[in-house]
Structure formats: C-alpha cells, structure tokens
1. Among DSSP beta bridges whose residues both lie in the chain, state the antiparallel percentage, nearest 5.
2. Hey, any idea what % of the chain's accessible area is carbon plus sulfur with a 1.4 Å probe?
3. Report the residue, chosen from LEU188, LEU263, LEU11, that carries the largest GNM mean-square fluctuation when the chain is represented by alpha-carbon nodes joined by springs under 10 Å.
4. Relative to the present Cα-Cα distance, how much length would full extension add between ARG273 and HIS198 at 0.36 nm per residue of separation?
5. Running a GNM on the chain with Cα contacts under 10 Å, which residue among GLY92, GLY255, GLY274 ends up with the highest mean-square fluctuation?
6. Ranked from highest to lowest mean number of other Cβ atoms within 10 Å per residue, what is the order of the peptides 275-283, 49-57, 207-215?
7. With a cut-off of 8 Å between alpha carbons and a minimum separation of six or more residues, what is the relative contact order of region 169-292 in percent?
8. What distance in nm separates the simple spin-label points at LYS300 and ASP178, each placed 7 Å from Cα in the Cβ direction?
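The values are calculated or read from the model by the stated rules, or taken from the named source; none is laboratory data. Here the structure is a predicted model, which means the values were calculated and not measured. Here the Cβ is made from the backbone with ideal geometry for all residues, glycine too, and neighbour counts use every protein chain on show. Heads up: the accessible areas ignore ligands, DNA and RNA and are worked out on the full protein's heavy atoms, side chains in. Shrake-Rupley method; radii C 1.70, N 1.55, O 1.52, S 1.80 Å.
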Amino acid sequence: MTYNNCSRVLLIYTGGTIGMGRNLNTGAFEPLDFNHLIQNLPEFKYISIMVDVYSFTSPIDSSDMNPRIWGQIVRVISSKYEEYDGFVILHGTDTMAFTASALSFMLENLTKPVILTGSQLPIGQLRTDGKENLITSIEIAAARHADGTPIVPEVCIYFSGKLLRGNRSTKMNADGFDAFDSFNYPHLADAGVNIVYHEEFILKPDFTKPMTPHFAMEPNIVVFTIFPGIQEATVRHMLDIPELRSIVIRTYGSGNAPHQPWLIHLLKQTVDRGVTVVNISQCAAGTVEMARYDNGYQLKNAGVISGHDATIESTVTKLMYLQAHFSENKIIRNHMSYPMRGEFTKSS
C-alpha cells in the first residue's frame, strides 16, 4: 500500500452528526458549517495527504437526503474526477447506506475510491468517533498499489474500523459506534493498528475505460412489509397507485408470504400491468429462495422476482436508477436479476 504527498483527496461535506453543534434554545443537534468541523480537528494538519474540501452551502440532516442531492454529489465527483485520487463524503448516518447504494449505481465503471463516513457523536464532543472515522477514510481514499492503481476502487462506507461495500451495507445500531455492517458480504478492510485490506472481495474495474456518471433517479416505488394479519384492502389501495412502477416486498425468512389467494391475485395483476415486483427478506442475513417453500413458490408464479441477498437500500436505489434509464418493464426486470455493482450474490 502506498500514499504520499502527491495523493489528493476531495472531502465532500454534506452535513450530518459529525459536523453538528447543539442548539442553545432547543438543546437539539443541528448542522453547522465545515469551519466548525475543522476547528475541532487539529489532527487534520498532520495528515500527509493533500486534502481539498467541497462543502454544501447549507449542510443538511441526512433524513432530508433525496435523489436530487445524490445527483448533486455525482456532479461534484464527476467534475473533479481527474483531479483527485479519491473522494470522502461526510454524511449523516440515517440515510448513509441509501446514498452509498445510489452512488454505486450512478457512478458507472468507478475506478477510484468513494468513501462515505460520519459519526454517532459530533466531532466537538470529547468521546466522538468522528476523528478516527474521518482520518482513516482519507487514508483509504488515498491508498494505492505499487502500480498506482487504487486499492479500493468502489463506493464504500467506513465506520468504526470496518470498510464495507456501500451497496451491501445497512445501519444496524442507532446508539453504538458500531453503526453499520454488511451481513451478506465480507468486510473489504479492517482497520486496527494497521489497515488490512481483503482484496479478494474488492471490485476490479476496467481501468482502461472512463467512469460514466449518471444523474437521474426515478423514485416511483413502494416498499411494504408482510406481517401477520395484513389486510387486502390496504394492499389493494397501495398497488393501485397510477404512477407506481416498482414494488419491493419485504417477506418472511427466505422469501415467504401468507398463502392468501387475494395476495397472489393482486400481485399477479400488478405484474401483468407492467410493475416490477421484487422480493427481499426481512432478515438482515440470508437470501431469498422462492423455490424452497410453497408459499414462496406462489410468489414466483405470480411474476415476483427474487432480490436474492440484497439490502432494502440497494434494491430501492437500483430500481430508481433503472427506472430513470429504461421505460420497459422487461428490461428493468432483466437488470434486477443480475448484480450490476456487486450488490447481491447470484444464487446458483
């Protein structure tokens, strides 16, 4: 691994807990500007990497993240792509996995690291986790092989000593520093005294081809969770939305739903009118196998497609990406059936 004074990293500050301060009137945390963050990070001047900063004019709480802002982030990265060896995005934790997943699809043939990080405590607090997360993310974004190629040329989340594939990650803890994990995919690196990269799990792009940015996302999607006692009228009203293009169903276990004729009938009607319906498990770990049990097989017969072991974040953002680029349901279904950016493990 190498990084030296010639390595350049662009730090993109969107907001989030890492740069927050406490409102004296309400006592609640609120986003502050980047100068506040730097004032609380004297270690910044000791980093042996050239770091430039792009700060959003108005830092946002990550619960306000949306596809328009994802497009803005992509524009920043694409406009500065040739100038930097890697990119670090400071982002709130609540929607970080959604943003990491979205960027993985929007940055086609990414050949440089894009590392998202943040913190559970503001950087000005004594016990903050923000300093280590930020400094290590910058080191990872600048890390290169001896031949000059980056070690981690993909969109990742770094948090609490773990480097995770962005579109495999999910937030699992609202209070602890160990906030993220990728339950169905190994860590790309583990940071202790040394940063240990697990290169066999890292994507290998074609470095001879350019990165192609995409800016549009189309969010006409519904997500609903199966639960005991789910009602026909509720599901019917949801599936009748005229603008609806895709549905993500969060089912039990390995992809099972109640064996109710009305549910299968409604889903088949929805598929037949050109809506993509994807089945993912409510379980954090494991994969959808609709042929394992009869209840899952009924969904498959109705035209529901497997989401395999994908996260809800990557499934939703992949559909947004595909819907922005393709009008035909058949093409979207085809793309949802194979991993485009390593977002799921294809079942045999």
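1. Values: 19 of 51 bridges.
Taking every DSSP beta bridge within the chain, about 35 percent pair in antiparallel fashion.
2. Working: 7900 of 15130 Å².
Summing carbon and sulfur atoms, their accessible area is 52 percent of the total for the chain.
3. LEU263
4. Working: separation 75, 0.36 × 75 = 27.00 nm, distance 4.44 nm.
Length gained between ARG273 and HIS198: 22.6 nm.
5. Fluctuation is largest for GLY274.
6. Working: 275-283: 22.2, 49-57: 15.0, 207-215: 13.0.
Listed from highest to lowest mean packing, they are 275-283, 49-57, 207-215.
7. Values: 128 pairs, mean separation 25.5, N = 124.
The value is 21 percent.
8. My value for the distance between the label points is 3.6 nm.
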